[in-house]
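Worksheet: the structure to be examined is printed underneath.
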Amino acid sequence: MHDWWHGTKSGYVNMGVISDGNTYGVPKDLIFSFPLSIEGGEWKILEGIDNSEDHIRARIDATTKELLEERMIALNF
C-alpha cells in the first residue's frame, strides 16, 4: 500500500495484478505478481526485466500452471 500511495520513486515493486496477456507469457485475466512501477496511484507492468535465466523462466511457468489449475478448480466448485 505504501508504494501504491507514494509511488515507486526508484526501481520497482512486485505486486499481484491482473495480467493483460501480453507480458512474460502470463495468460490474460490471471492475477500474477509482476514487477511494477507506480506513479500517481497508477501502476504499470515493467517489461524487459531479464527473465531469460532457466530457473527464473521455470518458476514463472510453474507458477502460471499452478494458478491456472487453481482457477479451474475454483470455477468447477
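The values are calculated or read from the model by the stated rules, or taken from the named source; none is laboratory data. Since we're looking at a predicted model, the values are computed, not measured. Neighbour counts are summed over all protein chains in view; Cβ atoms, including those assigned to glycine, are modelled from backbone coordinates with ideal geometry.
Looking at Thr64, is it β-branched (Val, Ile, Thr) and outside any loop (DSSP other than H, G, I, E, B)? Can you show your working first?
Working: β-branched (Val, Ile, Thr): yes; outside any loop (DSSP other than H, G, I, E, B): yes.
Here the answer is yes, as Thr64 does meet what is asked.
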Practice prompt. Output the number of the condition that Ile60 fails; it satisfies all remaining conditions of (1) surrounded by 14 or more Cβ atoms within 10 Å (Cβ to Cβ); (2) modelled with pLDDT of 90 or more; (3) aliphatic (A, V, I, L, M).
Written response: (2)
Item to complete: May I ask you to list the residues in segment 15-40 that are closer than 15 Å to Trp4 by Cβ and aliphatic (A, V, I, L, M)?
Response: Met15, Val17, Ile18, Leu36, Ile38
Worksheet, complete the sentence: Going through (1) out of contact with any strand residue (DSSP E or B) (no Cβ under 9 Å at 6 or more places or on another chain); (2) over 23 Å from Ala58 (Cβ atoms) one by one, Asp3 fails only at (1)
Worksheet item: Taking the stated definitions as given, is Thr8 assigned to a helix (DSSP H, G or I) and over 10 Å from the mean Cα position of the chain (by Cα)?
Response: no
Worksheet item: Any residue at all in segment 29-52 that is assigned to a strand (DSSP E or B), in contact with a helix residue (DSSP H, G or I) (Cβ under 6 Å, 6 or more places away or on another chain), surrounded by 14 or more Cβ atoms within 10 Å (Cβ to Cβ) and not small (Gly, Ala, Ser)?
Response: yes
Worksheet item: Does Leu68 satisfy being surrounded by 12 or more Cβ atoms within 10 Å (Cβ to Cβ), within 12 Å of the chain's Cα centre (by Cα) and touching a residue at least 24 places away in the same chain (Cβ under 8 Å)?
Response: no
Worksheet item: Hey, any hits in segment 9-16 for a residue that's without any contact (Cβ under 8 Å) to a residue 60 or more places away in the chain, of a type outside the set (Ser, Thr, Tyr) and over 22 Å from Ile60 (Cα atoms)?
Response: yes
